[in-house]
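*Asks:* Take this structure first; my questions come after.
The values are calculated or read from the model by the stated rules, or taken from the named source; none is laboratory data. All values reported here derive from a predicted model rather than from experimental measurement. Glycine gets a Cβ as well: all are built from the backbone with ideal geometry, and neighbour counts include every protein chain shown. Heavy atoms of the whole protein, side chains included, go into the accessibility calculation; ligands, DNA and RNA do not. Shrake-Rupley method; radii C 1.70, N 1.55, O 1.52, S 1.80 Å.
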Amino acid sequence: MFTFLVGSVLSLFSLLLWRREKHGGGDSVDVREVDGDKWPEKIAGSTDDIIIVGAGVAGSALAYTLGKDGRRVHVIERDLTEQDRIVGELLQPGGYLKLIELGLEDCVNEIDAQRVFGYALYMDGKNTRLSYPLEKYHSDVAGRSFHNGRFIQRMRDKAASLSNVRMEQGTVTSLLENKGTVEGVRYKTKNGQELSAYAPLTIVCDGCFSNLRRSLCDPKVDVPSCFVGLILENTDLPHIDHGHVILANPSPILFYKISSTEIRCLVDVPGQKVPSVSNGELAHYLKTVVAPQIPPELYESFISAIDKGNIKTMPNRSMPANPHPTPGALLLGDAFNMRHPLTGGGMTVALSDIVLIRDLLRPLQDLHDASTLCKYLESFYTLRKPVASTINTLAGALYKVFCASPDKARQEMRSACFDYLSLGGICSEGPISLLSGLNPRPLSLFFHFFGVAIYGVGRLCIPFPSPKRMWLGARVISGASGIIFPIIKSEGVRQMFFPATIPAYYRTPPITNQSKEVLL
């Protein structure tokens, strides 16, 4: 009997040792090293509540927000090193308020971020300054401009500091679907190993070049122009603490500080291609076409930046949100919705969306009923519309108005816009409130956009309206309608102006099995 017991113990001990060597210890559990932290994960199954694809602004902020609410979050990002990008460097005050609401406002600290209090607008030798209406807010509330990579790294670090958030470097190659329900993702680690990750909810926010969005939405991507990015050093802007917009020919030029010693310059080039960098065509274009149109205070630094040769380009993409509600999955950020970056509204939209998702998910303990969760989250697409559509429409409309045109009516509209904003009072405060994300109301946008057009017509009819001027005024109204109505149509008239008429607006959190148990 004793021999039998000893033999059984030795056999059990040997079996445990074999399993420990094969699986790294535990019951069918693999303990993987991920950025210095160990996280136990079942080989077949899931210990995650949510998978987030992408750790840019949207992915990092979402990971921290959901992790802070107690969710077990697995973030998979293609490259966790600090990136050097020329967009996503200006956060409007409305976006900063959302950052505060998410508890992420300290992420703009210690990165040499610059406070922004408004814009200076230049056209045909004239300039006007438009300040954000910040009087009723705390003194810390303002826009922020910074190096995009530094900002994202701060948010990644904050998200990764939570014990229930796991950051992993890997490339997601596909969504794992079962009978129309997304159950997770297939991805390659940085070592080339192919793995699968499972969770009841997968949120895709892998940026403007997303390779996953096609299965979750109907992407209609437009590329109206490209940005050419330069950094001007050791100089200052004519209007301190303000972004600068030059209404140049053929399209706008932007300047704003991204550190105490650096000014970002973004030159908009219409079309999907820019002149060649390698053979010097782009440098020649910048020196001969662009340089003569910038403020003289910045001319020498601009030429010096061109000569240094560190010129970056980026296509400006626009894509209305047109999702296919899919059980087990959700789109977010630039993978879901894009607008021209002229107004710097992208991060404000993303952070506003994250606040909505957080509030929608908070009442839910169980995320495993994919079809019920999907139906409930359809309310997200309706609730986000007034804010997102206002910012999207403003960006698209302003870009078209600010571009030079041989059409006389478009020229009048452009000139009227500059003069309307220069009037001050509600004529400047209203549009800058929309631009800043502090008052993203669709009706206010509609009012001010046609206010500009009517102001332009009024100028043409004073002192005496001739038939030629009246015809031009009619063309101004027609041109304004031709700019804004197609954008509103793509955003959805009903969702943008009358969201309360959409049934999904009233969706309430589903009662899960766990909730029923609590009620009982």
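*Asks:* Can you run phi through the Karplus equation (6.51, -1.76, 1.60; θ = phi - 60°) for the stretch 255-266 and list ³J(HN,Hα) in whole Hz, with x for Gly and Pro?
*Replies:* So the Karplus estimates, Gly and Pro as x, are 9, 7, 6, 10, 7, 5, 10, 10, 10, 7, 10, 10 Hz.
*Asks:* Principal axes first, then extents: for the Cα atoms of the chain, list largest minus smallest coordinate on each axis, whole Å, largest first.
*Replies:* 116, 55, 42
*Asks:* Which value, in Å² and to the nearest 10, is the accessible area of Tyr299 when all protein chains are kept and the probe is 1.4 Å?
*Replies:* 100
*Asks:* Taking the Cα centre of the chain as origin, sum charge times position over the Cβ atoms of Lys and Arg (+1) and Asp and Glu (-1), and report the length of that vector in debye to the nearest 20.
*Replies:* The calculation lands at about 1420 debye.
*Asks:* For the chain, give the share of DSSP beta bridges that are antiparallel, in percent and rounded to the nearest 5; count only bridges with both residues there.
*Replies:* 75
*Asks:* Just to be sure I follow: if Rg is taken over the C-alpha atoms of the stretch 232-377 and Rh is the Kirkwood radius over the same atoms, what is Rg/Rh?
*Replies:* Result: Rg/Rh = 1.13.
*Asks:* Another question, then. Might you work out the accessible area of His242 for me, using a 1.4 Å probe with all protein chains in place, and round it to the nearest 10 Å²?
*Replies:* 20
*Asks:* So for the stretch 335-477, averaging the separation of alpha carbon pairs under 8 Å that are six or more residues apart and normalising by length, what relative contact order in percent results?
*Replies:* The value is 24 percent.
*Asks:* Go through Phe380, Phe447 and list them by solvent-accessible area, largest first, probe radius 1.4 Å.
*Replies:* Values: Phe380 0, Phe447 125 Å².
Final ranking, largest accessible area leading: Phe447, Phe380.
*Asks:* Here's a follow-up. Rank Glu491, Glu135, Glu378, Glu101 by accessible area, highest first, at a 1.4 Å probe radius?
*Replies:* So the residues, ranked largest to smallest area, are Glu135, Glu101, Glu378, Glu491.
*Asks:* By the scheme Lys and Arg +1, Asp and Glu -1, what is the net charge of all other residues having a beta-carbon under 14 Å from that of Arg129?
*Replies:* -1
*Asks:* A follow-up question, please. Taking the Cα centre of each part, how many Å lie between the stretch 207-278 and the stretch 341-379?
*Replies:* Centre-to-centre distance over Cα atoms comes out at 28 Å.
*Asks:* With a sphere of radius 11 Å drawn around the Cβ of Arg115, what net charge do the other residues whose Cβ falls strictly inside it have (Lys, Arg +1; Asp, Glu -1)?
*Replies:* Counting the neighbours of Arg115, the net charge comes to 0.
*Asks:* Phe117 accessible area, nearest 10 Å², 1.4 Å probe?
*Replies:* That residue has around 60 Å² of solvent-accessible surface.
*Asks:* For the chain, what is the relative contact order in percent, using Cα pairs closer than 8 Å and at least 6 residues apart in sequence?
*Replies:* 16
*Asks:* If you don't mind, there's one more thing I want to ask. Let me check I've understood the local charge: for Leu66, count other residues with C-beta under 14 angstrom from its C-beta, Lys and Arg +1, Asp and Glu -1. What total comes out?
*Replies:* Details: positive: Lys68, Arg71, Arg72, Lys158, Arg166, Arg358, Arg362; negative: Asp48, Asp49, Asp69, Asp353, Asp359.
Once all neighbours under 14 Å are counted, the net charge is +2.
*Asks:* Mean 1/r over all different Cα pairs, inverted: what Kirkwood radius does the stretch 404-520 give, in Å? Don't skip to the end; give the middle numbers.
*Replies:* Details: mean 1/r = 0.0584 Å⁻¹.
After inverting the pairwise mean of 1/r, the radius is 17.1 Å.
*Asks:* Full extension from Lys468 to Ile240: what is 0.36 nm times the residue separation minus their Cα-Cα distance, to one decimal in nm? Walk me through the numbers on the way to the answer.
*Replies:* Working: separation 228, 0.36 × 228 = 82.08 nm, distance 4.29 nm.
The span from Lys468 to Ile240 would gain 77.8 nm if fully extended.
*Asks:* As a test, work out the antiparallel percent of DSSP beta bridges whose residues both lie in the stretch 75-175, rounded to the nearest 5.
*Replies:* Details: 11 of 14 bridges.
For the stretch 75-175, the DSSP antiparallel bridge percentage is about 80.
*Asks:* Please state the relative contact order of the stretch 237-329 as a whole percent: Cα pairs under 8 Å, 6+ residues apart?
*Replies:* 18
*Asks:* So, one more: Using a 1.4 angstrom probe on the protein heavy atoms only, line up Ile511, Ile502, Ile52 by accessible area, largest first.
*Replies:* Correct descending sequence by accessible area is Ile511, Ile502, Ile52.
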